[in-house]
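Working notes, structure below.
The values are calculated or read from the model by the stated rules, or taken from the named source; none is laboratory data. Note that the coordinates shown come from a computational prediction; the quantities given were computed from them, not determined experimentally. Please note: Cβ atoms are built from the backbone with ideal geometry, for glycine as well, and neighbour counts cover all protein chains shown.
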Amino acid sequence: MTIRIEKHLVSEMSPGFKQELKNRVDREFADVSIVREHVWAEPWLAITGSAEGQLVSFLNLVDRQVLTDDTATHFFGLNNVITEPEYRGKGFSTALNRYAIQVMQETDPQACGFLFCADALIPFYARLGWQKFEGTVTVSQPSGDKLWPSNAMYFDLSGTRHWKTVHLRGLPW
């Protein structure tokens with residue numbers, strides 16, 4: 001099965017398409033307490049995968065300057081990686097993830113990719129070159145800054161950095 005990958009600036013997407021993606025996110029993560037308990041950042045870019053004439057997979061990227069060990073660092077946050085259930089296990093999320101890494105590298109080869117994920121997804125991302133972040137992550141919420149209570153992974157596009165702390169300086173993605 002062939003996948004057609006496209007990138008969409010979220011600021012230029014139609015309200016209907018934004019709502020379609022939001023509906024899929026809401027359906028996918030409705031039972032995930034950490035998702036329901038936090039306010040999330042608006043993405044910069046959506047990457048979609050279509051097959052057989054329909055949207056079967058997508059992910060989002062957030063573009064932000066964060067603090068790593070008190071140093072400004074350009075991060076691309078990967079979020080809402082979703083493949084429709086009947087298309088899972090066919091390589092769609094892998095293809096979109098690889099494309100997202102390519103977009104990050106083309107946009108800023110000195111940046112870093114960063115994501116949050118469940119325990120069960122760590123091996124998937126590790127196979128794609130992501131590394132588990134062992135330091136502390138601070139995120140912003142309407143009530144103030146807080147430590148992130150779950151897994152974080154990074155993809156260091158330059159391959160040269162390791163940090164102890166990351167402060168997203170904004171909402172999680």
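Mind checking which residues of region 125-151 are surrounded by 12 or more Cβ atoms within 10 Å (Cβ to Cβ) and more than 25 Å from Glu37 (Cα to Cα)?
Ala126, Leu128, Gly129, Trp130, Gln131
Please count how many residues of region 151-172 are modelled with pLDDT under 95 and within 18 Å of Asn80 (Cβ to Cβ).
0
Test Tyr154 against the stated conditions and say whether it is within 22 Å of Ala100 (Cβ to Cβ) and part of a helix (DSSP H, G or I).
The answer is no for Tyr154.
List the strands (runs of 3 or more DSSP E) inside region 24-135, counting only whole elements, that have at least 1 residues being over 20 Å from His8 (Cα atoms).
Correct list: 54-68, 71-83, 112-117.
Has region 18-38 got at least one residue that is farther than 19 Å from Pro85 by Cα and among the aromatic types (Phe, Trp, Tyr)?
Step one: of region 18-38, the residues farther than 19 Å from Pro85 by Cα are 18-19, 33-38.
Right, trim to among the aromatic types (Phe, Trp, Tyr) and you get none.
No.
Does Ser57 satisfy the condition of being at pLDDT 95 or above and over 22 Å from Gly113 (Cβ atoms)?
So Ser57 does not fit the description; no.
For the subset of region 6-31 comprising residues that are at pLDDT 95 or above, aliphatic (A, V, I, L, M) and more than 14 Å from Asn79 (Cα to Cα), which member is surrounded by the most Cβ atoms within 10 Å (Cβ to Cβ)?
For region 6-31, the residue satisfying everything is Met13.
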